[in-house]
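The values are calculated or read from the model by the stated rules, or taken from the named source; none is laboratory data. As the structure is a computational prediction, the values presented were derived from the model and not from experiment. Virtual Cβ from ideal backbone geometry, glycine too; neighbours counted across all protein chains shown.
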């Protein structure tokens, strides 16, 4: 006789694990129709009793999401309860928090020839502050800008050459370099359709990072860290950043705002600044002043020492020996942070709030009153900050802001926004004095590069979502120079020390554990970390 195979669905309840549906397993019973009764006693003796859940309750997605959220909230409380470290420990063990000393200066972690940031802060034994200065490969930024502006040239490509190779290019070398970047400014076939247009991100920095990491798959030799190969990769990224950033934004507005999609091909004979405006605007039209001011913004943001967060991140990751795409994506992740790359957005929003809450933009009294409210956490985001004023390094002045300001006024006149420029200039003049009065400590503060850059971008009709990506389009040059310098000098992997200050606790068997917390069996524990190598 033929065997009859019956399939019974056995349900295993896993509600506590938050699964949408119960896990199932198949149990097969093989019986012979003519001998069903015979041997039943033997079957009964060997059978294992299995409880089968008769009623299957399926949870809705909303119910499941609510349960998962509740679990995460409970676990987050454990993080908050067990995460804090006693602030006194940082003083006890002389920790340079943020890799800064007690005076706020960065601790020395490396050497570079790429740029020199002179803060102007008084040295030990001095009291007088000096003007801040910035040098690219030993050349004062004021001289660099004065050179290409007086000759009515775009400067970003020239500055990129200088930062990467350490010398100013000749006319022939610069032409060759621009031609090479123009050739590299084309994305792989179908990259826009397959990568940028699919699953567009609401955050343009994430979109840019995704594109960078995906380029790894299109590279025939992605992991080769020879200088020639890394230079080729960096030059391609420098050329492609404007294209990927603009296309990422256009994909975003097409999906989320329902806007018409207009994609222009990059022009190899245009500068980076010109290409940004050409690609972004539906009619591809822009004025010479617009392009030159955007070019100036790229020059001023291109490099700022090895200690800024994103550049240091690039060097840290590069020191591990990883590929170029991973190192640059890590730097992008750092720059995305609001404490680093998003400050100009805060400045623009702060001024929007200011304009909505004062009646006379020329009144020193009204503006001063608003600034005091900012510092006293009574206006805007209640953070107690005047955004765009003050810098981690500079005191009396940010040389980049000084340069920018000289050109911003001309654009404000062209755009019919001269009154706004005057408001910015008034805040720049009043803020340092008010900060000194309200904080009762004056160490020197001034407008930084972010103070005017957001205003410039708004006058150029650049969407706010692209403010930080434009920073990245510029800073990719500095990141590339520092990655090459790190690899050429082939130093050790960067690995600072962390002292352990946690309390020792005993291992408790699972059945004996309580939900009240950990059981401590030792007093405060701390060991001085020696130069141990931990892989």
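Looking only at residues in segment 100-116 that are in contact with a strand residue (DSSP E or B) (Cβ under 9 Å, 6 or more places away or on another chain) and modelled with pLDDT of 95 or more, the one that is nearest to residue 490 (Cα to Cα) is 114. Only helices (runs of 4 or more DSSP H) whose full extent lies in segment 193-292 are considered here, and the ones with at least 1 residues that are farther than 20 Å from residue 341 by Cα and without any contact (Cβ under 8 Å) to a residue 12 or more places away in the chain are 204-218, 227-256.
Is it true that some residue in segment 373-394 is on the phi > 0 side of the Ramachandran plot, surrounded by fewer than 20 Cβ atoms within 10 Å (Cβ to Cβ) and either within 26 Å of the chain's Cα centre (by Cα) or in contact (Cβ under 8 Å) with a residue 60 or more places away in the chain (or both)?
yes
Take the conditions in the same structural domain as residue 482 (by TED's automatic domain parsing), in a helix (DSSP H, G or I) and in contact with a helix residue (DSSP H, G or I) (Cβ under 7 Å, 6 or more places away or on another chain) and apply them to residue 183. Does it pass? For residue 183, the condition - in the same structural domain as residue 482 (by TED's automatic domain parsing), in a helix (DSSP H, G or I) and in contact with a helix residue (DSSP H, G or I) (Cβ under 7 Å, 6 or more places away or on another chain) - is not met.
Here's the yes/no breakdown for (1) in contact (Cβ under 8 Å) with a residue 60 or more places away in the chain; (2) closer than 30 Å to residue 244 by Cβ:
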site: 438; (1), (2): yes, no
site: 444; (1), (2): yes, no
site: 459; (1), (2): no, yes
site: 465; (1), (2): yes, yes
site: 475; (1), (2): yes, yes
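Is it fair to say residue 135 is within 16 Å of residue 168 (Cβ to Cβ) and either touching a strand residue (DSSP E or B) at 6+ places or on another chain (Cβ under 7 Å) or modelled with pLDDT under 95 (or both)? Spelling it out, residue 135 is indeed within 16 Å of residue 168 (Cβ to Cβ) and either touching a strand residue (DSSP E or B) at 6+ places or on another chain (Cβ under 7 Å) or modelled with pLDDT under 95 (or both).
The conditions of being in contact with a helix residue (DSSP H, G or I) (Cβ under 6 Å, 6 or more places away or on another chain), surrounded by 14 or more Cβ atoms within 10 Å (Cβ to Cβ), modelled with pLDDT under 95 and in the same structural domain as residue 472 (by TED's automatic domain parsing) are not met by residue 401.
For segment 82-92, filtering for residues that are touching a residue at least 24 places away in the same chain (Cβ under 8 Å), exposed (fewer than 11 other Cβ atoms within 10 Å of the Cβ) and assigned to a helix (DSSP H, G or I) leaves 1.
With the condition kept exactly as written, say whether any residue in segment 339-349 is more than 30 Å from residue 107 (Cα to Cα), in a helix (DSSP H, G or I) and at pLDDT 95 or above. Yes - at least one qualifying residue is present in segment 339-349. Can you name every residue in segment 153-180 that is part of a helix (DSSP H, G or I), under 21 Å from residue 482 (Cβ atoms) and out of contact with any helix residue (DSSP H, G or I) (no Cβ under 8 Å at 6 or more places or on another chain)? The one that is part of a helix (DSSP H, G or I), under 21 Å from residue 482 (Cβ atoms) and out of contact with any helix residue (DSSP H, G or I) (no Cβ under 8 Å at 6 or more places or on another chain): 165.
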